[in-house]
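To start, the structure under review is shown below, and the notes come after it.
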Amino acid sequence: MTHAMTLTVNGLTYTGVVDARLLLSDFLRHELGLTGTHVGCEHGVCGACTILLDGRSARSCLTLAIQADGATIETVEGLGRMSDLGRVQQAFRDHHGLQCGFCTPGFLMTITDMLRHHSLDSDAEIREALSGNICRCTGYQHIVDAVRELARERGPLK
Amino acid sequence: MTAFDASVEMRPKLVGQRVKRTEDPRLLAGSGRYVDDMAPKGLLHVAVLRSDQPHARIRSIHVGEAFTVPGVVAIFDAHDLAGDIRPAIPASRMKGYYATPFRPLAEGKVRYVGEPVVAVVAESRYAAEDALERISIDYAPLPFAGAKEEAAAGDAPLLHEEAGTNVIIARTFARGDVDAAIAHAAVVVKGRFRMTRKTPMPMECRSYLAEWDRRREALTLHSSTNIPGIICDVLGACLDLPGHRVRVVAPDVGGSFGGKGSLNHEEMLVCVLARKLERPVKFIADRMEDLTAMSQAFDETVEAELAVDGAGHLLGLKADVIGDIGAYSIYPWTGALEPVQVVSFLPGPYRMEHYRGRVRGVLTPKPPTGPYRGVGRPTSTFAMERLMDMAARNLGLDPAEIRRRNLVTAEEFPYRTGSGIIWDRSAFQDCLQGVCALVDYPALLRQRDAAHAEGRWVGIGLASYAELTGIGSRIAVAPGMPINTGTETATLRIDATGAVTAAFGISSHGQGLETTLAQVVADELGCRMDDIEIQHGDSALVPMGTGTYASRSAVLGGGAATKAARVVKAKVLKAAAFLMDVAVEDLEAEGGIIRARSSNATITFRDVAHAVYAQMGCIPHAQREDLVASESYDPYLGTACASTHLAMVEIDPATYAVSVTRFAVAEDCGRIINPLIVDGQVHGAVAQGIGAALLEEVVHDDTGQLLTASLADYLVPIATTMPEIEILHVEAELPDTIGGFRGMGEGGTIGAPAAIANAVADALAPLGIEVDTLPVTPERLFRLVAAARNATSD
């Protein structure tokens, strides 16, 4: 069964027809070619596929594409470009917050959400905010360093 | 000139700097290219029907209505591929070894739950999976022995009848008279130690895309592998293709930790299907498939006895190791890789005369074990470091003191261990002292004692170890394996625009080698880092390269890069000397500019390159050389890399959860190319070690079924699991390698499990509890504590 849908991704509007069962992650990656969003587990644990759905972080592997009909989506491609990295991306580079890079887009999207909506006043709170995303390379320490810096920029930590 | 050349040290520039990674912009912007990001025209997708039986004969396969699913193109079982591909044979010169043939799809019978049996090829993965549901396989279940001890028994059902046994690996390492040492020792401690089965779990699942070029009758495999050269060679042999018609490319690879460092069934499968169908064929494992069927790790039991004299000096060690290697001996490393390394490294970084280590590798109906970060040494270190603490407790010695008395000292290098490993100079003693100073060990002990006085379960654990890294041609990475793991090649080229390309046989998959090798080349050549492109992860780049594994790429790749850069630099300076009309000895190069010391006249690399290539007759032909060089490097023995880890833990008496409250590492990795990257490697490896100590366990039940097939069941460390890791870099006298680098990417997984096990045992010392099995999950701890309390109350 197919459905017509319209959605906005990184500021561009797409209109088309999708299978009812098509995952949002597969739609973004294989229909729109936005392969920056990665698929790590397809059961909602690892967080690699995290995107922003109407401004809040969401697992694109647990969302059907059709559920995003009428929605506004942000993916890693919308955060910045190689020659002009966004602030969260730049903090990851400065602090060596990535190694293989596979989990990274999911972290960047989660952190974008967390910075907008959570105080992140302490390392414990930062680690809690990151606890829905798995990174197998970094041991999280450099990611925490990056987020601490980003949180501090918004105002002093308590 | 000695093998170690101080010229790099004389003018340190980029090596040693916290250079930000050149890989990062593409990976951060979502512009990385992993295998599943590629979609060539005409692409077909494969889904695999896997065995749900641990050991069974395949009676028949019923395709049913699978072909009626829209989009299904073809369905294959082993019979359909007969004659199209030969099995891979994981050969070894080990005596008594049997090399289990390895095929894309199970032939005749299945040997583990998850083994590929049928492949469906369709226009989409969705369609291929729909078709899987319509296929049924009629199995005749066969008896099996799931536990390695049972599988090793003489009357156990055989997984590979041709082998005549399930024990396909048996070796003994011995020196001196360990029985006499034990008989006369003041103290003998013993235990039966076990690290359970683990999976590497890189974030990117295994991903393969094969393309058949009809025009050239040539195959290209895009693979999430870290050994493209090895995979290329074996595929060429299995598919009967010469080297120039098969190429294996590893694009961006989302981690491996060893899990992508062997040949996989599905890797063979996509290649044979692409050739048969003459269309691109892709297989992307999902997480359940990776947890079920990726090569796994550990799964040895170590029975060991350590003899110590009254002053705490080690006399001898006796060990019997049995390793569960799963259903196949993995290609190319063989099933000996894990268990034999356990026995090889069991004597640890210590002075000890007498040793006897016996090891058996046993086939069981589980996925094969293969390389995993640390290989063998996490288990050997766990067993040995537990014994060290048990001996210390017996003698009333502090754990740091017994290690100080036994670690090989600087004057004793090179030191040959009882198993035959040669430790060359590395900071064995300094790392122990360093980590104790870093955390203020005496103060930490007082904190622990105060906590104990309050009845809290707080403990401190140490683990010292050494590993061989950057191994050259003297030792095969896996015992008896007929593949040259001791050499790497760098091909360096300056083109007419002055751009520098350095191509390698190594294959970075998160280690940041595009950055670190560029640092090495820039320093050696005297050019700008921005002018260098590092190429890797492609079997076509250099004549011979095996990939990135075994902590070798900085040592071997860095050495080859240095040698090649020196040759090219000599050519550049020779051409510059001609163009500037000065003596070549008068020239120096830095930042892409060549300068005459006597006159301050300069010329850029770019101008030299232009003159060499583009200005006809500018340099007479007899004096003109292309600015290229291909050099290989073999560090022969390789290097020792030493470290001591310290963990402090607290156990929650209500939940039995262990939290790691402090974790410190002192390590000697020689000259550090990039401290940012080295720290990141330590953090990540320690995290995996903490996972092995507390969380990660692959569980097969008595019927051979996997119980940990999701990330909700197979737990890995998350941000809240991890403490801040404190690191002290100790730089002892540099090793005899070009550049003075030691390999360091694996070490964290080696020390952390043992340090945490010792800390947990220390925390529960008032109850007299020893830790002999990892991970120490809350359930295991609860049982240990309950048993100890029952014993006390009896």
Revision key, fill the gap. Selection over region B:620-641 where residues are at pLDDT 95 or above and among the hydrophobic types (A, V, I, L, M, F, W, C) yields a count of 3
Exercise for review: Just need a number here: residues in region A:92-132 that are under 30 Å from B:ARG33 (Cβ atoms) and of a type in the set (Gly, Ala, Ser).
Suggested key: 6
**Study point:** Filtered residue count, region B:71-100, keeping only those that are of a type in the set (A, V, I, L, M) and either in contact with a Phe, Trp or Tyr (Cβ under 6 Å, 6 or more places away or on another chain) or in a loop (DSSP other than H, G, I, E, B) (or both)
**Key:** 7
Review point. If you check A:THR75, A:THR37, A:THR50, A:THR104, which single one turns out to be within 8 Å of chain B (Cβ to nearest Cβ), under 22 Å from A:ALA151 (Cα atoms) and in contact (Cβ under 8 Å) with a residue 60 or more places away in the chain?
Key: A:THR75
Review point. What residue, of B:GLN615, B:GLN623, B:GLN705, is farther than 24 Å from A:ILE126 by Cα, surrounded by fewer than 18 Cβ atoms within 10 Å (Cβ to Cβ), in contact (Cβ under 8 Å) with a residue 60 or more places away in the chain and of a type in the set (S, T, N, Q)?
Key: B:GLN705
Exercise for review: Give just the number: which of (1) touching a strand residue (DSSP E or B) at 6+ places or on another chain (Cβ under 8 Å); (2) over 30 Å from B:ILE231 (Cα atoms) does B:THR409 not satisfy?
Suggested key: (1)
Revision key, fill the gap. Across (1) open to solvent by less than 10 Å² (accessible area, probe 1.4 Å); (2) closer than 17 Å to B:VAL699 by Cβ; (3) in contact with a Cys (Cβ under 9 Å, 6 or more places away or on another chain), B:GLY326 clears everything bar (3)
Revision key, fill the gap. Subset of region B:531-546, residues modelled with pLDDT of 95 or more and not aliphatic (A, V, I, L, M), comes to B:ASP531, B:GLU533, B:GLN535, B:HIS536, B:GLY537, B:ASP538, B:SER539
Practice item. Consider A:ARG81 carefully, then state whether it is facing chain B (nearest Cβ under 8 Å) and surrounded by fewer than 24 Cβ atoms within 10 Å (Cβ to Cβ). Key: yes
Review point. Failed condition for B:LEU579, given (1) farther than 27 Å from B:PHE741 by Cα; (2) at pLDDT below 95, with all others met?
Key: (2)
Exercise for review: Would you point out which residue out of B:THR655, B:THR639, B:THR661, B:THR644 is open to solvent by less than 40 Å² (accessible area, probe 1.4 Å) and within 30 Å of B:ALA451 (Cβ to Cβ)?
Suggested key: B:THR644
Check your understanding: Residues in region A:23-34 that are surrounded by fewer than 19 Cβ atoms within 10 Å (Cβ to Cβ) and facing chain B (nearest Cβ under 10 Å): how many?
Key -> 2
**Study point:** Residue list for region B:724-742, restricted to those being within 14 Å of chain A (Cβ to nearest Cβ) and part of a strand (DSSP E or B)
**Key:** B:ILE725, B:GLU726, B:ILE727
Practice item. Could you please find all residues in region B:717-737 being touching a residue at least 24 places away in the same chain (Cβ under 8 Å), touching a Lys or Arg at 6+ places or on another chain (Cβ under 7 Å) and among the aliphatic types (A, V, I, L, M)? Key: B:ALA732, B:LEU734
Exercise for review: Could you run through region B:417-444 and say how many residues are within 20 Å of B:LEU637 (Cβ to Cβ) and more than 24 Å from the chain's Cα centre (by Cα)?
Suggested key: 1
Study note, to complete from the structure: Sole miss for B:VAL117 among (1) among the aliphatic types (A, V, I, L, M); (2) open to solvent by 10 Å² or more (accessible area, probe 1.4 Å); (3) farther than 28 Å from B:ILE483 by Cβ is condition (2)
Review point. In this structure, does A:GLY97 turn out to be of a type outside the set (S, T, N, Q), under 20 Å from B:CYS205 (Cα atoms) and modelled with pLDDT of 95 or more?
Key: no
Point to revise | Qualifying residue in region B:351-362 (condition: part of a loop (DSSP other than H, G, I, E, B) and open to solvent by less than 10 Å² (accessible area, probe 1.4 Å)) | key: yes
Exercise for review: Out of B:GLU733, B:GLU770, B:GLU779, report the one residue that is on the phi < 0 side of the Ramachandran plot, among the acidic types (Asp, Glu), outside the structural domain of B:ALA560 (by TED's automatic domain parsing) and at pLDDT below 90.
Suggested key: B:GLU733
Review point. Among (1) out of contact with any Cys (no Cβ under 9 Å at 6 or more places or on another chain); (2) open to solvent by 40 Å² or more (accessible area, probe 1.4 Å), which single condition is A:LEU62 missing?
Key: (1)
Check your understanding: Residues of region B:305-323 being among the β-branched types (Val, Ile, Thr) and open to solvent by 10 Å² or more (accessible area, probe 1.4 Å), which ones?
Key -> B:ILE322
Check your understanding: Of the residues that sit in region B:664-681 and are within 8 Å of chain A (Cβ to nearest Cβ) and either among the hydrophobic types (A, V, I, L, M, F, W, C) or in contact with a Phe, Trp or Tyr (Cβ under 8 Å, 6 or more places away or on another chain) (or both), which one is surrounded by the most Cβ atoms within 10 Å (Cβ to Cβ)?
Key -> B:ILE677
Check your understanding: Which of the residues belonging to region B:1-47 are among the basic types (Lys, Arg) and modelled with pLDDT under 95?
Key -> B:ARG11, B:LYS13
**Study point:** Matching entry among A:ASP113, A:ASP121 (being farther than 27 Å from B:MET201 by Cβ and either modelled with pLDDT under 95 or more than 7 Å from chain B (Cβ to nearest Cβ) (or both))
**Key:** A:ASP121
Practice item. Go through region B:486-531 and count every residue that is within 14 Å of chain A (Cβ to nearest Cβ) and among the charged types (D, E, K, R). Key: 2
Point to revise | Any chance A:ALA146 is small (Gly, Ala, Ser), within 30 Å of A:HIS3 (Cβ to Cβ) and either in contact with a helix residue (DSSP H, G or I) (Cβ under 9 Å, 6 or more places away or on another chain) or more than 7 Å from every other protein chain (Cβ to nearest Cβ) (or both) | key: no
Review point. Which residues, taken from region B:686-722, are under 30 Å from B:LEU438 (Cβ atoms) and more than 8 Å from every other protein chain (Cβ to nearest Cβ)?
Key: B:GLY689, B:ILE690, B:GLY691, B:ALA692, B:ALA693, B:LEU694, B:LEU695, B:GLU696, B:LEU715, B:THR721
Practice item. Sort out for me the helices (runs of 4 or more DSSP H) sitting completely within region B:225-293 that have 2 or more residues that are surrounded by fewer than 22 Cβ atoms within 10 Å (Cβ to Cβ) and within 14 Å of another protein chain (Cβ to nearest Cβ). Key: B:287-293
Exercise for review: Any chance you could count how many residues in region A:120-141 are farther than 20 Å from A:CYS41 by Cβ and either in contact with a Gly (Cβ under 7 Å, 6 or more places away or on another chain) or open to solvent by less than 10 Å² (accessible area, probe 1.4 Å) (or both)?
Suggested key: 2
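The values are calculated or read from the model by the stated rules, or taken from the named source; none is laboratory data. In this text the structure is predicted, and so the values were computed from the model without any measurement. Positions of Cβ are generated from backbone atoms using ideal geometry, with glycine treated the same way; all protein chains shown enter the neighbour counts. Keep in mind that these areas ignore ligands, DNA and RNA; they rest on the heavy atoms of the full protein, side chains included. Shrake-Rupley method; radii C 1.70, N 1.55, O 1.52, S 1.80 Å.
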